[in-house]
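J.: Let me give you the structure first, and then I'll get to my questions.
The values are calculated or read from the model by the stated rules, or taken from the named source; none is laboratory data. The model shown is predicted, which means the values in this text are computed figures rather than measured ones. Cβ placement follows ideal geometry from the backbone for every residue including glycine, while neighbour counts extend to all protein chains displayed. We work out accessible area using only protein heavy atoms, side chains counted, and drop any ligands, DNA or RNA first. Shrake-Rupley method; radii C 1.70, N 1.55, O 1.52, S 1.80 Å.
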Amino acid sequence: MDRQARVELTTAVVPAAEAFAYWREMICETFVQLSAAPVAENAFSGRIEHVPVGELELSTVVAGGQVVRRTPSLIARSGDEYLLASIQLRGRGRVEQDGRVAELDTGEMAFYDSTRPYTLSFADEFRQLVVQVPRRDLAVRDTRALTARALGRCGPGQVVPAFFTALAEAARTSPQTSAPLLPHALGLLSAAASFAASGEPGPDPARALVRERASAIIRRRLADPSLDVAQVAAACRVSRRTLNRIFAPEGGVAAAIRRARLERAKALLIEYPDRPIATVAAQCGFASESGFHRAFRAGFGTTPGGARGR
């Protein structure tokens, strides 16, 4: 399987008697070498939708009950070094690694490391989003303290499942808008790993979590022309000064809002070439079409019409 391409795999393409054997091949191709067994003798079905965002891989898995294992012999057979996180979207899941067990309900997530044995268990049909990233891409050296710990029900970790669920949807529907989010995704994943390991994020992970919470608010409210630094800071429960310090590499929060609006506008202009420019401007929070034209030219060196090749 080409890991850098969007791929959809399903057991529906083979006879029912061969479905689970085919499923084993599917999960090994998508993730790492694994063994698997169904929990019931009735007909099995499964589907995987895989989308890449740079080196990050996002796979939505919908399947029947099963037990999946990464064994020492399979680890010895393949040198894959990935950190993975399962985000429960429906049903219940169980992650076991390093002597711990994480029971996952909807909206919760847990990490596991492909370089050591682990077990994933699902008693019934489930839906999960699996986030997979090469260990070398994360600022995490020793993962033994962070695996098989449930995150997401409350506290700083709750923003992480929501972000990656939205990122997977964006990567499916509009790949060009998801690519710029890769640095945020890696930073947030590192922050979540730190939180899982210690129960409290350190200074840098804490900043990453606030940054992503602010970025999510900005993305959600792009169409609101009144959105400003004060509103974002209040929603994040930090001061404007603190938030601007976190966004200093991007020129501050106001600059981040403006850039997010422009990037979204550019994507809409290309994706919907017949949509009126004034409509796109309003959908992205610009108070006037003339102001949108000025901001767009300043940001991209061309007009909105020019971005469409007109």
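J.: Please go through the range 36-56 and give me each residue that is open to solvent by 40 Å² or more (accessible area, probe 1.4 Å) and small (Gly, Ala, Ser), ordered by number. Steps first, answer last, please.
T.: First pass over the range 36-56, keeping only residues open to solvent by 40 Å² or more (accessible area, probe 1.4 Å): 37-43, 45, 47, 55.
Selection gives Ala37, Ala40, Ala43, Ser45.
J.: Something else about it: Could you tell me which of the residues Ala197, Ala102, Ala170 is in contact with a Ser or Thr (Cβ under 9 Å, 6 or more places away or on another chain), crowded, with 16+ Cβ neighbours inside 10 Å, assigned to a strand (DSSP E or B) and without any contact (Cβ under 8 Å) to a residue 60 or more places away in the chain? Full working, then the answer.
T.: Working: Ala197 fails: assigned to a strand (DSSP E or B); Ala170 fails: assigned to a strand (DSSP E or B).
Answer to the check: Ala102.
J.: To continue, here is another question. Would you confirm whether or not the range 21-34 contains a residue that is among the hydroxyl-bearing types (Ser, Thr, Tyr) and free of Cβ contacts under 8 Å to residues at least 12 places away in the same chain?
T.: Scanning the range 21-34 turns up at least one residue that is among the hydroxyl-bearing types (Ser, Thr, Tyr) and free of Cβ contacts under 8 Å to residues at least 12 places away in the same chain.
J.: Okay, moving on. Confirm whether Ala145 is assigned to a strand (DSSP E or B) and under 26 Å from Ser35 (Cα atoms).
T.: Numbers: assigned to a strand (DSSP E or B): no; under 26 Å from Ser35 (Cα atoms): yes.
No.
J.: Then there is this: For the range 57-76, how many residues are crowded, with 20+ Cβ neighbours inside 10 Å, part of a strand (DSSP E or B) and over 16 Å from the mean Cα position of the chain (by Cα)?
T.: 3
J.: Could I ask something else about it? Yes or no: Val130 on the phi < 0 side of the Ramachandran plot and within 14 Å of the chain's Cα centre (by Cα)?
T.: Details: on the phi < 0 side of the Ramachandran plot: yes; within 14 Å of the chain's Cα centre (by Cα): yes.
Considered against the rule, which asks whether it is on the phi < 0 side of the Ramachandran plot and within 14 Å of the chain's Cα centre (by Cα), Val130 comes out as yes.
J.: Now a separate question. Within the range 248-309, considering only helices (runs of 4 or more DSSP H) that don't extend past its boundaries, which have at least 3 residues that are open to solvent by 40 Å² or more (accessible area, probe 1.4 Å) and touching a residue at least 24 places away in the same chain (Cβ under 8 Å)? Quick ask: steps written out before the conclusion?
T.: Working: elements: 253-271, 277-283, 289-300, 304-307.
Those helices (runs of 4 or more DSSP H) span 253-271.
J.: Between a first residue in the range 215-236 that is open to solvent by 40 Å² or more (accessible area, probe 1.4 Å) and a second residue that is not in a helix (DSSP H, G or I), which pairs have beta carbons less than 6 Å apart while being 6 or more apart in sequence or on different chains?
T.: Arg221/Leu227; Ala223/Gly285; Asp224/Gly285; Pro225/Gly285; Pro225/Ala287
J.: Counting only residues that are open to solvent by less than 20 Å² (accessible area, probe 1.4 Å) and in a loop (DSSP other than H, G, I, E, B), how many does the range 109-140 have?
T.: 2
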